[in-house]
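The values are calculated or read from the model by the stated rules, or taken from the named source; none is laboratory data. All of these numbers come straight from a predicted model, not from anything done at the bench. Because the Cβ atoms are built from the backbone with ideal geometry, glycine has one as well, and the counts that use them run over all protein chains shown.
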């Protein structure tokens, strides 16, 4: 009988890009922000396809179902193929405006700090 493939929940949440680092995923598990069937999950819990998890991040409350296991971190488009987002519409906060994309932590284009060229124009304007 072949051995069942094993993957920890903290590593899975990091690989599918819900959390930026694996330690943030482990901290979320330890502080009760990751639940399976209503019970808190420890970072070492083994994930298997078909399980559903409720995850609270800073910007969103996720409800996901594991479709396939992902052991390594991939780009966002590829990572989204390994889970189904079952988050109800009322849990999605569309009023929040931030300079950061909701889960990658990167700035949206044309927002945030000015470029070097824009900074020079501002300096010339104020001087």
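Which residues, counting only those in the range 29-40, are part of a loop (DSSP other than H, G, I, E, B) and out of contact with any strand residue (DSSP E or B) (no Cβ under 7 Å at 6 or more places or on another chain)?
If we filter the range 29-40 for residues that are part of a loop (DSSP other than H, G, I, E, B), which is where we start, we get 31-33, 37-38.
Matches in the range 29-40: 31, 37, 38.
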Checklist entry - Out of (1) at pLDDT 95 or above; (2) part of a loop (DSSP other than H, G, I, E, B), what's the single condition that is false for residue 12? => result (2)
Item to check | Hey, residue 87 part of a loop (DSSP other than H, G, I, E, B) and modelled with pLDDT under 60 or not | outcome: no
Checklist outcome for this item: Listed by first then second residue, the pairs whose first member lies in the range 6-19 and is more than 17 Å from residue 84 (Cα to Cα), whose partner is in a strand (DSSP E or B), with beta carbons under 6 Å and at least 6 positions apart or on separate chains, are 6/46
Next on the checklist: Residue under question is residue 119, and the condition is that it be over 26 Å from residue 46 (Cβ atoms), modelled with pLDDT under 90 and outside any helix (DSSP H, G or I); does it hold?
Outcome noted: no
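Considering only residues that are assigned to a loop (DSSP other than H, G, I, E, B) and out of contact with any helix residue (DSSP H, G or I) (no Cβ under 9 Å at 6 or more places or on another chain), look in the range 52-74 and name the one that is nearest to residue 30 (Cα to Cα). Steps first, please.
Quick first cut of the range 52-74, residues assigned to a loop (DSSP other than H, G, I, E, B) only: 57-60, 67-74.
Those still in the list that are out of contact with any helix residue (DSSP H, G or I) (no Cβ under 9 Å at 6 or more places or on another chain) too: 58-59.
Working: 58: 16, 59: 19 Å.
The qualifying residue nearest to residue 30 (Cα to Cα) is 58.
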Next on the checklist: Among the residues that make up the range 19-28, is at least one of them surrounded by 13 or more Cβ atoms within 10 Å (Cβ to Cβ), touching a helix residue (DSSP H, G or I) at 6+ places or on another chain (Cβ under 9 Å) and not in a helix (DSSP H, G or I)?
Outcome noted: yes
